[in-house]
Amino acid sequence: MVTGLVLLKLAPGKERLALAKLKAIPSVVHMSAVFGRWDLVLDMETEDLPTLSNIVVQEIRSIPGVISTETLVTTSL
């Protein structure tokens, strides 16, 4: 199991459409709206790193209103 945080910058006025599409992605286990450089943080769980990468690149980045993403793969210390 791979877990990660995906930080998203959203286009003004496109937030509701983007949120609806993001909620439909099964690997997204939690979403938090935040203030600052990013607008939204997704908690994600996938089987492996290639799957996480494919979801971010092919699904999340193709959603209208998603301007940019940054993915943080989590680890234990």
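Any read-out appearing in this document is the output of simple, stated calculations on the displayed coordinates, not a laboratory observation. As the structure is a computational prediction, the values presented were derived from the model and not from experiment. Backbone-built Cβ (ideal geometry, glycine too); neighbour counts: all protein chains shown.
Can you give the calculated 222 nm mean residue ellipticity of the chain, where each DSSP H run of n ≥ 4 adds -39,500 (n - 2.57) and the sum is split over every residue, rounded to the nearest 500 deg cm²/dmol?
Values: 2 runs with 15 residues, N = 77.
Dividing the helical sum by the residues of the chain leaves -5000 deg cm²/dmol.
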Reachable aspartates and glutamates, given that their alpha-carbon falls under 14 Å from the alpha-carbon of residue 21 and they are not under 8 places away in the same chain: 59
Virtual spin-label span in nm between residue 21 and residue 49, 7 Å along Cα→Cβ: 2.7 nm
Prolate/oblate/rounded call for the chain, Cα gyration tensor, a/c under 1.5 rounded: prolate
Ordering of 28-34, 2-8 by burial proxy (mean other Cβ atoms within 10 Å per residue, highest first): 2-8, 28-34
